[in-house]
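Note sheet for the following structure.
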Amino acid sequence: MFQIAFTPEAIEDLRWFKKTERKQIMAMLEGRLSHEPATETRNRKRLRPNQLAEWELRVDRFRVFYDIDTEKQLIKVEAVGYKEGSRLFIHGEEYQL
């Protein structure tokens, strides 16, 4: 079973959301990433090489970007954002992957 850790930036990203949205995101993280986080599914995919993270988890309109350390059984959440149409926002600013 994998442990989930947040970078300071990801914690700041979560503060942009309402309490109910944070609870929804956290519940999905624990439910979908604690077992087999490197398996691609309908809501989880490996990204093309970028500076943010290797993996993306889709939770409704929210996007969680994370890296996996299989040796330490650790998931490191790098950023949390949301989508409006085809545009991604992290920390309230549009972000290009």
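Bear in mind that the values in this text are calculations on the coordinates, not laboratory data. Predicted model, so just to flag it, every value in this text is computed and none were measured. For neighbour counting, all protein chains shown are included, and Cβ atoms are generated from backbone atoms with ideal geometry for every residue, glycine included.
What percent does the relative contact order of the chain come to when contacts are Cα pairs within less than 8 Å and at least six residues apart?
Relative CO of the chain lands at 30 percent.
Among Leu47, Trp16, Tyr66, which residue has its Cα furthest toward the positive end of the charge dipole of the range 3-95, with +1 on Lys/Arg Cβ and -1 on Asp/Glu Cβ?
Trp16
For the peptides 43-53, 29-39, what is the packing order when you average, over each peptide's residues, the other Cβ atoms within 10 Å and list the highest mean first?
The most tightly packed comes first, giving 29-39, 43-53.
Going highest first, how would you order 62-69, 10-17 by mean Cβ packing within 10 Å? Don't skip to the answer; put the middle values down first.
Numbers: 62-69: 20.4, 10-17: 15.8.
Sorting 62-69, 10-17 by mean packing, highest first, produces 62-69, 10-17.
Could you sort out which of Lys19/Lys72; Lys19/Lys45; Lys23/Lys76 sit more than 24 Å apart by Cα distance in this structure?
In this structure, Lys19/Lys72; Lys19/Lys45 exceed 24 Å between Cα atoms.
List the aspartates and glutamates whose Cα sits under 19 Å from the Cα of Lys83, skipping any in the same chain fewer than 8 residues away.
Lys83 reaches Glu9, Glu12, Asp13, Glu21, Glu54, Glu56, Asp60, Glu93, Glu94.
Got a sec? Charge dipole of the chain, +1 on Cβ for Lys and Arg, -1 for Asp and Glu; which of Leu97, Leu29, Ala79 is way out at the positive end?
Leu29
Counting Lys and Arg as +1 and Asp and Glu as -1, each charge on the Cβ, what is the dipole of the chain about the Cα centre in debye, to the nearest 20?
Using only the charged Cβ atoms, the result is roughly 420 debye.
Computed over the Cα atoms of the range 19-97, what is the ratio Rg over Rh, Rh following Kirkwood?
Reported Rg/Rh, Kirkwood definition of Rh: 0.94.
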